[in-house]
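Asker: After the structure tokens below, expect a handful of questions from me.
The values are calculated or read from the model by the stated rules, or taken from the named source; none is laboratory data. These numbers come from a predicted model, not from an experiment. Cβ placement follows ideal geometry from the backbone for every residue including glycine, while neighbour counts extend to all protein chains displayed. The area values use the complete protein model at the heavy-atom level, side chains included, leaving out ligands, DNA and RNA. Shrake-Rupley method; radii C 1.70, N 1.55, O 1.52, S 1.80 Å.
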Amino acid sequence: MPGQANSRSLPGRPNLRHLKLEAKRRVAAGEFPALHEAQVAIAREHGLPSWAALKRQISETRDSHALDQLRWVIARFAGADEPGWIAPTGDELTQHFDDRFLTALPPAALIAAIGRVTKDLRGGELVVLGQTPQQAYVELNGVQYMAVVEAEPPYRLAGLRGVPTGRRVHDSRVDHAPVRTQGEVPAEVSEIAEQAFAELGLTALLLAGGDRQGTWVLTRGWADLDRGEPLEPRHRFPAPGVTALVTTTAVLKLVADGAVSLDRPANDYLRTVSLADDTITVRELLSHTAGVDSPTETELHADAVPDLRQLMGPVIACTGPRGTVHPSNGGCAVLGQLAADVTVLPYAEAATQLVLKPLGLQDSSFPARAPDKDPDTVTGYQLTFEGRFEPVPARIPTLQAAAGLWSTGADLVRLGLGWSSLLPEALAHEALTPQTDPGPGGARVGLGWIISPRGDVATHAGATYDATAAVTTRIRDQRTHVVLTSRMIPVTTIEARLLRAWTNP
């Protein structure tokens, strides 16, 4: 909508050149009559009053530590297939990758893994899509790279992943993707889905939304590409990250019932495990500022869900920066265990009794084992660097409270619209009130929710190796939209387009 300034949920400081091109594209598409108007709208979407203010913020903000490390990886390995190239030693790698990373992927395996894609690191333009001091999100030669570094010096890489985009797809099976709808789908959504499906390289995409007057769902693609099974609104997806909305709402419901206090130590309520720091409060866990450690990436999936004590030990380490916003799978898992210990129920049953049942989310559940070949669930895929889609093995998240929910688009819209109805009005308001100072990029945190720089929308989102999920709500009226895919891929571009498509009632 011309002139409309919806907040963008981008991962940190955007790239100015990328935004200039976006402004030109939006003028060419007829969204704005002049380039100046498009630039002002983009600036306001990022919480700034003018294009000049946006340029000033970008020029004054230092490149992130994560981007520095990512640039080192690209420069160091771009010639790995050329004669005379000398591989980095173990000592050199330990200067750039943290110990946990190199334990999960030892130096020889890491060098081999990066070496396999070395030709993709040469040439082309590195486009910085977003960055914070600890994270960077870039695109190079049709591959999007995500990097995360430690919170403290020397800021070594704690996570690094590359995912091919739609430019790399050479798989005729995804031509002519089927489309299904449910409810009255806004006109702009069909175009958003078609564009995103091609740009990101997807096999399955579900967009859904709604308000108090009703909900809608649009699907594009296949629930199972190998069987040629079209994706329908009834199909269930994994909901990584969005699961945390169920977990935090369950804990807030216990607060509302007087069973838990926000400002008491979490260890007062934990029985199965305890935190190494006795002073960490429930509020700090909810606001992502507790510094709780998480399992390594290799420990995040299994054939069946283990109990948290078995996975992380009886005392959970808290070595992260306390008081600094740093969303943690481990912290979310501790909240889930707190709900289980207070209710004396397994987490899945506690979450169902406290949240899913009261909201009537009948198509949502926490399976203890991967629902392999379930006709009502989607199959996860990865896109190879050669451009073919391959199914990924069906496994289950080990941290149910962070990523264990499977759900439909319609159920997740109901969750986004209805979670606050389970709480007193004052507590629901507090959940959407920033609990911290703005972090890099201007984003703030409520009780669970990530709040946009302008403070008008809030999000729960996440990704696993076989899915990406996001639920975003407009704070003033809780109008909600949902994005679900069957592969790990950033969906910030879809989020931004859906936000722009929202109209004022």
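Asker: Looking at (1) open to solvent by less than 10 Å² (accessible area, probe 1.4 Å); (2) farther than 20 Å from Cys332 by Cα, which is the only condition Leu245 fails?
Answerer: All conditions pass for Leu245, except number (2).
Asker: I would also like to ask the following. Could you grab me the full set of residues in region 256-297 that are assigned to a helix (DSSP H, G or I), open to solvent by 30 Å² or more (accessible area, probe 1.4 Å) and of a type in the set (Val, Ile, Thr)?
Answerer: Of everything in region 256-297, nothing turns out to be assigned to a helix (DSSP H, G or I), open to solvent by 30 Å² or more (accessible area, probe 1.4 Å) and of a type in the set (Val, Ile, Thr).
Asker: If we scan region 109-127, do we find a residue that is within 30 Å of Val325 (Cα to Cα), touching a strand residue (DSSP E or B) at 6+ places or on another chain (Cβ under 8 Å) and at pLDDT 95 or above?
Answerer: Scanning region 109-127, I find at least one residue that is within 30 Å of Val325 (Cα to Cα), touching a strand residue (DSSP E or B) at 6+ places or on another chain (Cβ under 8 Å) and at pLDDT 95 or above, so the answer is yes.
Asker: Being within 21 Å of the chain's Cα centre (by Cα), of a type in the set (Gly, Ala, Ser) and at pLDDT 95 or above narrows it down to one residue among Ala151, Ala158, Ala177, Ala196; which is it?
Answerer: Ala196
Asker: So, one more: From the list Ala75, Ala38, Ala23, which one is open to solvent by 40 Å² or more (accessible area, probe 1.4 Å), of a type in the set (A, V, I, L, M) and part of a helix (DSSP H, G or I)?
Answerer: Ala75
Asker: Ok, one more. With respect to Ala370, is the statement that it is touching a residue at least 12 places away in the same chain (Cβ under 8 Å), open to solvent by 10 Å² or more (accessible area, probe 1.4 Å) and not hydroxyl-bearing (Ser, Thr, Tyr) true?
Answerer: Yes, satisfied.
Asker: Would you mind telling me which numbered condition in (1) at pLDDT 80 or above; (2) closer than 23 Å to Val148 by Cβ; (3) among the small types (Gly, Ala, Ser) Ala38 fails?
Answerer: Condition not satisfied by Ala38: (2).
Asker: Tell me whether region 481-501 contains one or more residues that are open to solvent by less than 10 Å² (accessible area, probe 1.4 Å) and over 27 Å from Thr377 (Cβ atoms).
Answerer: Yes, the conditions are met somewhere in region 481-501.
Asker: Among residues belonging to region 41-55 that are of a type in the set (A, V, I, L, M) and in contact with a helix residue (DSSP H, G or I) (Cβ under 7 Å, 6 or more places away or on another chain), point out the one that is most open to solvent (accessible area, probe 1.4 Å).
Answerer: Among those that are of a type in the set (A, V, I, L, M) and in contact with a helix residue (DSSP H, G or I) (Cβ under 7 Å, 6 or more places away or on another chain), it is Leu48.
Asker: Okay, moving on. Would you kindly identify the helices (runs of 4 or more DSSP H) lying entirely within region 350-447 that contain at least 1 residues that are under 29 Å from Leu311 (Cα atoms) and touching a Ser or Thr at 6+ places or on another chain (Cβ under 6 Å)?
Answerer: Counting at least 1 such residues, we get 400-403.
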